[in-house]
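Below is one structure, written out as structure tokens, with a few remarks after it.
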Amino acid sequence: MTVHQSPGPQDHSGFWLDLPEHRAWLAADAKRQFTFFEKSLRHDAGFATLDHRGAALADKTQELHTTTRLVHSFALGQIWGQPDADKIVDRGMAYLNSCHRDPVHGGFLWALQGDNIADDRKQAYGHMFVLLAASTAKIAGHPDADALLTDVTRVLDQHFWEDDAGLYSDEMNRDWTPFSSYRGMNANMHGVEAHLSAFEATGNQVYLDRAGRILDFFTKKIAPQNDWRLPEHYTVTWKVDRNYAGNPMFRPAGTTPGHSFELGRLLLQYWDLCGRPSGDAPTRARQLIERALQDAWRPDGGFAYTLKFGGDIDIASRYWWPVTEAIGAVAVLIQLDRNQADEIWYRRLWSFANTHFIDHERGGWFPEIDESGDVTSTIFAGKPDIYHSLQACLFPLAGELSRIAIKLKDQSIIRS
């Protein structure tokens with residue numbers, strides 16, 4: 001097995017987050033990721049999906065979440081001082097406005113292929129990433145960000161927001177007629193992410209309030225009723241649908257522990273933005289995160305992708321993104337409360353990622369490993385995106401629970 005530079009000294013008695021050498025290691029990996037994904041720029045409009053070496057795949061399908069995640073990630077890079085990050089942001093913002101935007105019915109189309117529409121559905125999930133991209137682009141100073149923010153906020157409000165429930169519906173046809181009665185946790189979780197970023201970018205209280213209502217439903221009602229696990233799928237009246245089993249990657253049955261890491265971190269971000277009021281938000285966040293760590297970490301390392309409702313492993317496959325999200329979640333726990341047990345997890349996660357997922361030669365992270373711990377490709381073609389793995393580096397570097405993009409402006413180490 002190839003030996004790579006360790007993310008930090010295992011014999012250090014304190015916390016890696018405090019060590020200049022660990023922070024420099026995080027910065028170096030983030031820079032390699034930017035260098036790799038700069039190759040996403042196509043000669044024509046939009047972006048290419050890259051294989052493991054960084055060459056463009058033949059399939060030119062452009063999905064909305066891919067475009068927006070690149071904009072968000074490279075806007076973070078622009079704020080951070082990454083050279084030429086603005087080129088990706090400019091291309092992505094233009095592509096959102098000229099290609100993904102539906103000139104007939106409004107909103108944003110899910111997938112394009114060249115000049116043709118490959119999938120004309122309108123998904124809350126994709127629109128949440130438009131909101132996230134516009135928010136980060138605004139913090140980065142992009143001139144088109146305000147207009148995009150206004151547009152996508154209006155679309156979300158008019159077509160997806162269900163005020164009685166305090167949650168967002170999931171999917172529509174192109175003309176805004178219902179596509180299905182499906183309701184899901186994933187779109188709402190990313191809704192919290194996008195709304196908190198929009199609040200940080202604009203100060204508009206509506207964004208913060210809606211994020212709070214979503215968090216209340218999942219972390220005050222659903223998680224406690226399910227032993228701090230988060231069912232993924234719901235009926236039209238927001239009852240847990242325990243029989244639903246959709247696409248095994250994007251809508252798997254049961255629970256997805258990686259989403260518990262994300263929602264736990266987002267709950268702490270929300271709590272921090274609210275001024276850290278008294279209450280049990282930190283406890284709820286910790287319960288979500290710790291339950292997922294305990295349930296899903298495999299004896300041979302890495303997280304099982306999905307669990308049954310009682311916590312037994314369902315899909316045992318190991319992907320990169322739950323590890324990245326666990327890193328971000330545990331990092332904010334350490335920032336909140338210097339707990340040695342959290343540090344053990346933080347080192348375990350980074351050490352596993354360093355050995356199995358990070359491409360030290362070319363940059364970026366491999367998305368999947370097999371039962372032997374070797375890189376494989378059964379689900380994902382190439383390296384799907386920079387979003388998860390970049391944030392695993394930048395969240396610890398920012399050193400805060402909220403306003404990450406704004407805090408990155410002060411992190412001069414990553415520009416050195």
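Which of the residues spanning region 26-74 are of a type in the set (Asp, Glu) and within 22 Å of TYR125 (Cβ to Cβ)?
ASP59, GLU63
When you look at ALA341, is it more than 21 Å from the chain's Cα centre (by Cα), under 23 Å from GLY14 (Cα atoms) and at pLDDT 95 or above, yes or no?
Considered against the rule, which asks whether it is more than 21 Å from the chain's Cα centre (by Cα), under 23 Å from GLY14 (Cα atoms) and at pLDDT 95 or above, ALA341 comes out as yes.
Mind checking which residues of region 329-339 are in a helix (DSSP H, G or I) and surrounded by fewer than 23 Cβ atoms within 10 Å (Cβ to Cβ)?
Residues satisfying the conditions are ILE334, GLN335, LEU336.
Return the pairs, sorted by first residue and then second, in which the second residue is hydroxyl-bearing (Ser, Thr, Tyr) and at pLDDT 95 or above, the first residue lies in region 123-145 and is closer than 19 Å to HIS388 by Cα, the beta carbons are less than 7 Å apart, and the residues are 6+ apart or on different chains.
PHE129/THR68; VAL130/THR68; LEU131/THR153; LEU132/THR68; LEU132/SER197; ALA133/THR68; SER135/SER197; THR136/SER197
Taking only region 1-41 into account, find how many residues are outside any helix (DSSP H, G or I), within 23 Å of GLY77 (Cβ to Cβ) and of a type in the set (D, E, K, R).
Selection size over region 1-41: 0.
Based on this model, can you work out whether LEU397 counts as assigned to a loop (DSSP other than H, G, I, E, B), surrounded by 16 or more Cβ atoms within 10 Å (Cβ to Cβ) and either among the charged types (D, E, K, R) or in contact (Cβ under 8 Å) with a residue 40 or more places away in the chain (or both)?
Working: assigned to a loop (DSSP other than H, G, I, E, B): no; surrounded by 16 or more Cβ atoms within 10 Å (Cβ to Cβ): yes; either among the charged types (D, E, K, R) or in contact (Cβ under 8 Å) with a residue 40 or more places away in the chain (or both): yes.
Considered against the rule, which asks whether it is assigned to a loop (DSSP other than H, G, I, E, B), surrounded by 16 or more Cβ atoms within 10 Å (Cβ to Cβ) and either among the charged types (D, E, K, R) or in contact (Cβ under 8 Å) with a residue 40 or more places away in the chain (or both), LEU397 comes out as no.
Looking at ALA118, ALA147, ALA165, which one is over 19 Å from the mean Cα position of the chain (by Cα), hydrophobic (A, V, I, L, M, F, W, C), closer than 26 Å to LYS221 by Cβ and surrounded by fewer than 23 Cβ atoms within 10 Å (Cβ to Cβ)?
Just one listed residue meets the conditions, ALA165.
Looking only at region 130-153, which residues are farther than 15 Å from LEU70 by Cα and assigned to a helix (DSSP H, G or I)? Reasoning before the result, please.
Our first condition is that a residue be farther than 15 Å from LEU70 by Cα; within region 130-153, this holds for 139, 141, 143-144, 146-153.
Selection gives ILE139, ASP146, ALA147, LEU148, LEU149, THR150, ASP151, VAL152, THR153.
I'd like to check something: does region 79-91 contain any residue that is of a type in the set (Lys, Arg) and more than 20 Å from PRO384 (Cβ to Cβ)? Walk me through it before giving the result.
Of region 79-91, the ones of a type in the set (Lys, Arg) are 87, 91.
Remaining after also requiring more than 20 Å from PRO384 (Cβ to Cβ): 87.
Yes, the conditions are met somewhere in region 79-91.
Condition check ((1) surrounded by 15 or more Cβ atoms within 10 Å (Cβ to Cβ); (2) in contact (Cβ under 8 Å) with a residue 60 or more places away in the chain; (3) more than 19 Å from the chain's Cα centre (by Cα); (4) not in a helix (DSSP H, G or I)) across all residues:
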site	(1), (2), (3), (4)
ALA45	no, no, yes, yes
HIS52	yes, yes, yes, yes
ASP59	no, yes, yes, yes
VAL71	yes, yes, no, no
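What do you reckon, is ALA211 within 24 Å of ASP102 (Cβ to Cβ), at pLDDT 95 or above, in a helix (DSSP H, G or I) and not polar (S, T, N, Q)?
When the stated conditions are applied, ALA211 does not pass them.
Does ALA253 satisfy the condition of being assigned to a loop (DSSP other than H, G, I, E, B), buried (at least 17 other Cβ atoms within 10 Å of the Cβ) and not acidic (Asp, Glu)? Lay out the reasoning, then the answer.
Working: assigned to a loop (DSSP other than H, G, I, E, B): yes; buried (at least 17 other Cβ atoms within 10 Å of the Cβ): yes; not acidic (Asp, Glu): yes.
Here the answer is yes, as ALA253 does meet what is asked.
Of the residues ARG174, ARG183, only one is touching a His at 6+ places or on another chain (Cβ under 8 Å), of a type in the set (Lys, Arg) and either under 18 Å from LEU266 (Cβ atoms) or surrounded by 19 or more Cβ atoms within 10 Å (Cβ to Cβ) (or both); which?
On the way: ARG174 fails: either under 18 Å from LEU266 (Cβ atoms) or surrounded by 19 or more Cβ atoms within 10 Å (Cβ to Cβ) (or both).
On inspection, the qualifying residue turns out to be ARG183.
Report the residue count in region 88-111 for those that are within 20 Å of SER73 (Cβ to Cβ) and either touching a strand residue (DSSP E or B) at 6+ places or on another chain (Cβ under 7 Å) or buried (at least 20 other Cβ atoms within 10 Å of the Cβ) (or both).
Let us first name the residues in region 88-111 that are within 20 Å of SER73 (Cβ to Cβ), namely 88-97, 99-100, 108, 110-111.
Then drop every residue that is not either touching a strand residue (DSSP E or B) at 6+ places or on another chain (Cβ under 7 Å) or buried (at least 20 other Cβ atoms within 10 Å of the Cβ) (or both), which leaves 88-89, 91-93, 95-96, 99-100, 108, 110-111.
The qualifying residues number 12.
The values are calculated or read from the model by the stated rules, or taken from the named source; none is laboratory data. Small disclaimer: the values here were computed from a predicted structure and weren't measured. We place every Cβ from the backbone using ideal geometry, glycine too, and count neighbours over all the protein chains shown.
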